Amino acid sequence: MQVSDVVRAVAAARSIAASLGLAADDVTVLHDSNKLTLRLLPCDVVARVAPVAHRTARFELDVAQRLAESGCPVAVPDPRAGPRVHERDGFVVTLWTHYESAPSREVSPADYADALERLHAGMRRLDVPAPHFTDRVERARRLVANRDRTPELADADRELLGDTLRGLTRVIGERGGDEQLLHGEPHPGNLLATPQGLLFIDFETCCRGPVEFDLAHAPEEVGGHRPTADEDMLRACRVLVLAMITTWRWDRDDRLPNGRQLGAEWLGRIRTTLDRDGFDVHRWS
């Protein structure tokens, strides 16, 4: 968010907390992207704040609630606030439980894989409307094609990203296989190591597709603990996901610290991986 929007978003979260009898004298920004994540103290609540236009808050709450009820490893709304979407000053706000970190925050690949498999098992039982993973890939492809939004992206790199996004989407589609509801971005930043165990957060990115697309967001060692995964599909999904997150780094509005540097490094990784794994994206794009 822009600085002026952050100030208003914080004020909206504090106002809503106060209306529920939750003291929010101190605020810490935990994450700032398209949505602002705050820790409110002393009530110790996590507030997720987004512009009203985003319209994903209700979906995220519903998915998390239903997964929690089926015993999945997910963070839940704060019970004092309930699973409600609050609106204030052009923002929607949801209030979530804050979890302390486990004494050892290191997560083993086996534990990571187990938590993700339990999440996927619960998601297979959910019947909720969600976009296909290819819709998210298409948003990245349109960003690559938009020179106004990605003015610093060199022509050769633009071509590489566009061909990779199109080509690997086709490769994955032609392999077929089962599809289901997915988290969408179960990377380490969306996994909490708590005294209650590993818990996934941030369900606004849920989509439908092969489980390999979710596995591609996790560290590579995690895939070795999912023996039923299609290895060729997983390799293709890893490069596809890398191309997507590389694309976000070249967005003129990207706010990730050192985003351009990471984007340049990841372009090199894409080229190396395509050569190593023998993916001819030009033939498929």
Given a 1.4 angstrom probe, what's the average accessible area per residue across the range 12-107, in square angstrom? 48
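Counting alpha carbon pairs within less than 8 Å and at least 6 residues apart, what relative contact order, in whole percent, applies to the range 17-82?
RCO, the range 17-82: 19 percent.
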At residue 126 and residue 106, where each label point lies 7 Å from the Cα along Cα→Cβ, what is the point-to-point distance in nanometres? 3.2
Working from Cα positions, state the angle (0 to 90°, nearest 10) between the long axis of helix 57-69 and the longest principal axis of the chain. 90
Could the peptides 218-226, 59-67 be put in order, highest first, of the mean number of other beta-carbon atoms found within 10 Å of their residues? 59-67, 218-226
Positive end of the charge dipole of the range 199-285 (Lys, Arg +1 and Asp, Glu -1 on Cβ, about the Cα centre): tell me which of 272, 207, 233 has its Cα farthest that way. 272
Can you give me the % of accessible surface on the chain that is carbon or sulfur? Probe 1.4 Å, all protein chains present, nothing else counted. 48
Mean accessible surface per residue for the range 112-248, computed with a 1.4 Å probe while every protein chain stays in place, in Å²: 42
Over the range 110-254, what is the relative contact order in percent, taking alpha-carbon pairs closer than 8 angstrom and at least six residues apart? 32
Which one, 121, 224, 160, is farthest towards the positive end of the dipole of the range 119-264 when Lys and Arg carry +1 and Asp and Glu -1 on their Cβ? 160
Quick one: Cα centre-to-centre distance for the range 103-140 and the range 1-50, in angstrom? 26
Of 236, 24, 13, the one that fluctuates the most in a GNM where the chain has Cα springs shorter than 10 Å: 24
Alpha carbon convex hull of the chain, projected area averaged over orientations, nm²: 15.1
Gain upon complete extension [residue 41, residue 138; 0.36 nm per residue less C-alpha separation]: 31.0 nm
Return the single residue from 135, 78, 214 with maximal mean-square fluctuation; model: Gaussian network over the chain, springs between Cα atoms under 10 Å. 135
Quick one: angle between helix 133-145 and the longest Cα principal axis of the chain, in degrees between 0 and 90, rounded to 10, please. 70
Listed residues 240, 267, 165, most fluctuating in the chain (Gaussian network, C-alpha, under 10 Å): 267
Here the gain from full extension of residue 175 to residue 156, 0.36 nm per residue of separation minus their alpha-carbon distance, amounts to 4.0 nm
Label zone at residue 264 (point 7 Å along Cα-to-Cβ), backbone N below 14 Å, the range 226-254: 250
Between 0 and 90 degrees, rounded to the nearest ten: what's the tilt of helix 155-175 against the longest Cα principal axis of the chain? 90
Tell me, rounded to the nearest percent, the portion of alpha carbon pairs in the range 39-152 spaced more than 16 Å apart. 73
Compare the Cα positions of 9, 36, 47 along the charge dipole of the chain (+1 at Cβ of Lys, Arg; -1 at Cβ of Asp, Glu; about the Cα centre) and return the one farthest towards the positive end. 9
Ordering 91-100, 168-177, 150-159 by per-residue average of other C-beta atoms within 10 angstrom, highest first, gives 91-100, 168-177, 150-159
To the nearest 20 debye, what charge dipole does the chain have about its Cα centre, counting +1 at the Cβ of each Lys and Arg and -1 at the Cβ of each Asp and Glu? 640
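The values are calculated or read from the model by the stated rules, or taken from the named source; none is laboratory data. Everything quoted here is computed from the prediction, not taken from an experiment. With ideal geometry, Cβ positions are generated from the backbone for all residues, glycine too; neighbour counts draw on all protein chains shown. The protein model used for the area step is the full one, side chains on, heavy atoms only, and it has no ligands, DNA or RNA in it. Shrake-Rupley method; radii C 1.70, N 1.55, O 1.52, S 1.80 Å.
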